[in-house]
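Just so it is clear, none of the values below were taken in a lab; they were calculated from the coordinates. Everything numeric in this text was worked out from a predicted model, so none of it was measured. In this analysis, Cβ positions are derived from the backbone assuming ideal geometry, glycine residues included, and neighbour counts consider all displayed protein chains.
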Amino acid sequence: MDNGEVASPEKRSLKQAIWRGLKCACPNCGRGHMFTKFLKVADTCDNCGEELHHHRADDAPPYFTMFIVGHIVIPLMLVVEKVWAPPLTVHFALWTVVTLALTFALMPAVKGAIVGLQWALRMHGFEYAARIEGE
């Protein structure tokens, strides 16, 4: 699905940029790393040099992560309660761990997808960088 080709300045594939972002890779080349730390987006791609510092992901990644985790955990919680009816302490221990694990596992991928989306749509400064490339 992802052949590692660098996008042309004129056309950016939305699907490919989001997919590369989900893999925490550069939305432009798909090979460089998007993050320098857990959630710190690199200023530039270490492979192709694409500037990534323009992103404005802000509160979107935590919001979408909570949305996804909630839609996974709540049904599971209801099934476990209906089938086994464990004590509340077991529920608390189990679902706290599951919720935190899912949140920490999904947050970088969701943030990467948001940055990839912004890059593909030329939002928040990515359009300016594309204009300079095309000149």
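Below, the figures for the structure above:
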item	result
Cross-chain or 6+ apart pairs with Cβ under 8 Å, the range 88-109 first and in contact (Cβ under 8 Å) with a residue 60 or more places away in the chain and among the small types (Gly, Ala, Ser), then surrounded by 14 or more Cβ atoms within 10 Å (Cβ to Cβ) and in a helix (DSSP H, G or I)	Ala109/Gly21; Ala109/Leu22
Residue check for Gly30: buried (at least 18 other Cβ atoms within 10 Å of the Cβ), without any contact (Cβ under 8 Å) to a residue 60 or more places away in the chain and not in a helix (DSSP H, G or I)	yes
Residue among Lys82, Lys37 that alone is among the charged types (D, E, K, R) and within 29 Å of Leu14 (Cα to Cα)	Lys37
Flag for Leu52 being over 13 Å from the mean Cα position of the chain (by Cα) and closer than 26 Å to Glu5 by Cβ	yes
Residue in the range 41-61 that is under 30 Å from Leu94 (Cα atoms), of a type in the set (A, V, I, L, M, F, W, C) and crowded, with 18+ Cβ neighbours inside 10 Å present	no
Qualifying residue in the range 1-13 (condition: outside any loop (DSSP other than H, G, I, E, B), touching an Asp or Glu at 6+ places or on another chain (Cβ under 8 Å), of a type outside the set (Gly, Ala, Ser) and surrounded by 12 or more Cβ atoms within 10 Å (Cβ to Cβ))	no
Residue in the range 95-121 that is nearest to Lys40 (Cα to Cα), counting only those that are surrounded by 15 or more Cβ atoms within 10 Å (Cβ to Cβ) and more than 16 Å from the chain's Cα centre (by Cα)	Thr99
Set Leu52, Leu94, Leu39: member being farther than 20 Å from Trp119 by Cα and out of contact with any His (no Cβ under 6 Å at 6 or more places or on another chain)	Leu94
Matching residues in the range 74-133 - criterion: being more than 16 Å from Ala17 (Cβ to Cβ) and of a type in the set (Val, Ile, Thr)	Ile74, Val79, Val80, Val83, Thr89, Val90, Thr96, Val97, Val98, Thr99, Thr103, Ile132
Filter result (surrounded by 12 or more Cβ atoms within 10 Å (Cβ to Cβ) and of a type in the set (Phe, Trp, Tyr)) within the range 64-94	Phe64
